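Heads up, the thing below is written out as structure tokens.
The values are calculated or read from the model by the stated rules, or taken from the named source; none is laboratory data. Please read these numbers as outputs of a predicted model, since none were measured by experiment. Here the Cβ is made from the backbone with ideal geometry for all residues, glycine too, and neighbour counts use every protein chain on show. Ligands, DNA and RNA are stripped out before the accessible areas are found, and what is left, the full protein with its side chains, is counted by its heavy atoms. Shrake-Rupley method; radii C 1.70, N 1.55, O 1.52, S 1.80 Å.
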Amino acid sequence: MPEVIPKIEDNFFKKLPYLSFQEISYYIASLFLSNDIESSKLKKIVEKSINFDAPLLKLGANFYILELWHGPTLAFKDFGARFMAQLMGYFVKDTSKPLHILVATSGDTGSAIANSFLGIEGIKVLVLYPKNRVSKIQEQQFTTLGKNITAFEVDGSFDDCQKLVKTTFLDEDLNKILRLTSANSINVGRLIPQIFYYVYAYSRFKENKDLVFSVPSGNFGNLTAGIIAMEMGLPVNKFIASTNINKVVPEYLRTGIFSPASSFQTISNAMDVGNPSNFDRILDLFDHSFEKAKDKIDGFYFTDAETKSAMKEMYSKFNYIVDPHGAVGYLGLKGYLRSHPESAGICLGTAHPAKFLDVVKPTLNTNVEIPKRLQSFMTKKGESVQISNLYEDFKNWILGKK
Ligand SMILES: *Cc1c(COP(=O)(O)O)cnc(C)c1O
């Protein structure tokens with residue numbers, strides 16, 4: 001957590017409608033980082049990482065969607081990963097030992113991290129993913145890159161991958177010879193860039209109504225960034241925590257009891273999280289008060305069947321093709337607006353529908369255009385190191401004994 005949450009100045013709010021997304025991003029970044037990075041360097045970091053748009057589309061009365069998937073790997077995780085990569089590249093520069101970044105992934109995180117760190121000097125990325133459990137498109141996005149990115153196909157589950165990563169961090173021998181860090185934990189370098197687009201969306205929101213954001217959530221990093229934006233002074237009336245049946249947070253908001261559980265598999269699989277790691281951060285932002293949290297966040301959860309109907313509804317009503325995660329956000333917003341006619345809302349669109357073709361195609365019975373940047377991954381040949389789920393196997397590879 002940042003030690004202090006800086007405030008957005010009144011003067012900035014006056015200029016806001018005239019500023020570009022990059023200008024807004026740079027201002028927010030400088031509130032957090034101006035003591036650590038000189039302004040010209042920080043400007044470059046923003047320009048290099050936030051070099052794609054986040055359009056705000058009006059779909060219906062009181063209802064908007066903020067498309068956060070215009071980056072290279074077509075999900076909102078590109079924002080966090082790309083900014084963090086440029087920051088780390090900046091801080092690592094003066095040292096001689098390369099920094100090894102370990103990331104366990106069930107799909108989206110690995111592709112965003114690998115693509116963001118590709119070619120950054122002084123950094124090597126090791127991506128561990130479970131064999132036969134990530135989609136072909138996702139696998140192609142981190143196995144075809146080469147250069148400073150190495151992918152490991154682990155004969156095991158996602159939990160096994162995570163265990164290998166955690167064991168490596170605790171290994172004293174390896175820590176003596178290598179500099180190791182993780183990209184899984186949502187460090188502040190990943191949270192800050194997620195604040196940018198809340199402020200940007202607000203700047204483009206033209207309704208004279210109370211603003212609510214509906215956030216399709218799993219690990220709750222995205223929602224945490226929204227709450228930080230609010231504490232910086234952004235006038236947000238309410239956040240809606242929209243989840244699939246992995247509903248520990250909506251349940252907490254209803255009962256005041258937080259009971260982490262094992263996760264269930266759903267069609268919005270990037271939100272299949274039973275014990276969200278950012279929950280503690282959210283509590284901290286509300287001074288550990290259930291009442292305060294409840295006052296600012298409403299929770300809704302939905303089944304796969306409901307999610308599919310919402311995808312169909314958005315297609316027929318707005319002629320809009322949404323991915324399953326965005327559909328969950330839509331449902332949460334709709335549920336809230338039903339009893340709050342004084343509000344208008346923005347749903348965060350977290351992934352391009354082409355990333356979830358196997359759900360989107362049969363549900364909507366239509367073809368989804370696959371963006372060029374995704375197609376280009378499909379034509380390349382992937383390469384990965386095959387390892388078992390035993391730590392020795394992974395360690396030996398790192399030590400170069402294989
Ligand atoms: C990661 C992800 C989410 C969940 O975001 P959190 O910050 O973990 O709550 C939602 N949708 C998509 C497409 C994602 O990749």
Mind listing the phi-derived Karplus ³J(HN,Hα) values for segment 15-23, rounded to whole Hz, using 6.51, -1.76 and 1.60 with θ = phi - 60°, and x for any glycine or proline?
7, 3, x, 9, 8, 7, 4, 5, 5
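Can you give the calculated 222 nm mean residue ellipticity of the chain, where each DSSP H run of n ≥ 4 adds -39,500 (n - 2.57) and the sum is split over every residue, rounded to the nearest 500 deg cm²/dmol? Write down the numbers at each step before the final one.
Details: 18 runs with 186 residues, N = 402.
The per-residue figure over the chain is -13500 deg cm²/dmol.
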Contour minus end-to-end for TYR391 and ASN365, with contour as 0.36 nm per residue of separation and end-to-end as the Cα-Cα distance?
4.9 nm
Order of exposure, largest accessible area first, which applies to ASP272, ASP284 with probe 1.4 Å
ASP284, ASP272
Overall dimensions of segment 71-195 as given by Cα atoms, namely Rg and Dmax in Å:
13.8, 40
Probe of 1.4 angstrom, ligands and nucleic acids ignored: what's the accessible area per residue over segment 97-212, in square angstrom?
39 Å²
Using θ = phi - 60° and the Karplus relation 6.51 cos²θ - 1.76 cosθ + 1.60, list the HN-Hα couplings for segment 223-233 in order, rounded to whole Hz, with x at every Gly or Pro.
5, 4, 4, x, 5, 4, 4, 5, 5, 6, x
R0 = 51 Å: FRET efficiency of THR379 with ARG254, Cβ-based, nearest 0.05?
0.60
So the angle from the long Cα axis of helix 108-117 to the longest Cα principal axis of the chain, reported in degrees to the nearest 10, equals 70 degrees
Mean Cβ neighbour count within 10 Å, used as a protection proxy, ranking 331-341, 195-205 highest first:
195-205, 331-341
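Probe of 1.4 angstrom, ligands and nucleic acids ignored: what's the accessible area per residue over segment 24-65, in square angstrom? Show your work: numbers first, answer last.
Values: 1950 Å² over 42 residues.
I get 46 Å² per residue for this part.
Roughly how many percent of the accessible protein surface of the chain is carbon and sulfur, given a 1.4 Å probe and a whole-percent answer? Don't jump to the answer; show the numbers that get you there.
Details: 8610 of 17710 Å².
Of the solvent-accessible surface of the chain, carbon and sulfur hold 49 percent.
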With every protein chain left in place, what is the accessible area of ILE45 in Å² (1.4 Å probe, nearest 10)?
10 Å²
Just from the alpha-carbon atoms, what are the Rg and Dmax of segment 295-361 in angstroms?
12.2, 39
If you split all Cα-Cα distances of segment 166-252 into 5 Å bins from zero, what percentages do you get per bin, shortest first?
3, 12, 19, 17, 14, 11, 8, 7, 5, 3, 1, 1, 0
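Express the relative contact order of the chain as a whole percentage, based on alpha carbon pairs under 8 Å and six or more residues apart in sequence. Before the final figure, lay out the partial values.
Values: 729 pairs, mean separation 77.2, N = 402.
Result for the chain is 19 percent.
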Can you tell me which aspartates and glutamates have their Cα less than 16 Å from the Cα of LYS206? Leave out same-chain residues fewer than eight positions away.
GLU342
Whole-Å distance, taken between Cα centres, linking segment 333-402 and segment 151-219:
14 Å
Counting only protein heavy atoms and leaving out ligands, DNA and RNA, the solvent-accessible surface of TYR330 at a 1.4 Å probe, in Å² to the nearest 10, equals 10 Å²
Run the quick spin-label model on VAL188 and LYS372: label points 7 Å from Cα toward the beta carbon, then report their separation in nm to one decimal.
3.9 nm
Which value, in Å² and to the nearest 10, is the accessible area of MET314 when all protein chains are kept and the probe is 1.4 Å?
0 Å²
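Longest span of the chain, sites excluded, free of GluC sites (Glu not before Pro) in DSSP loop with at most 15 other C-beta atoms within 10 Å?
The longest such stretch corresponds to 208-341.
With the other protein chains left in place, how much accessible area per residue, in square angstrom, belongs to segment 305-401 at a 1.4 angstrom probe? Walk me through the numbers before you get to the answer.
Working: 4770 Å² over 97 residues.
That works out to 49 Å² per residue.
Using every Cα-Cα pair within segment 251-402, state what percent have a distance larger than 29 Å.
On the way: 4596 of 11476 pairs.
Within segment 251-402, distances greater than 29 Å cover 40 percent of Cα pairs.
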If you find the alpha carbon centre of segment 120-145 and of segment 221-243, how far apart are they in angstrom?
31 Å
Size descriptor, Kirkwood hydrodynamic radius, that averages inverse alpha-carbon separations across the chain, Å
21.8 Å
What are the extents of the Cα atoms of segment 1-92 along their three principal axes, in Å, largest first?
45, 35, 25
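Mind scanning LYS58/LYS292; LYS48/LYS334; LYS14/LYS77; LYS124/LYS361 and naming the pairs with a C-alpha gap bigger than 32 Å?
The answer is LYS48/LYS334; LYS124/LYS361.
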In degrees rounded to 10, the 0-90 angle between helix 304-318 Cα long axis and the longest Cα principal axis of the chain is 60 degrees
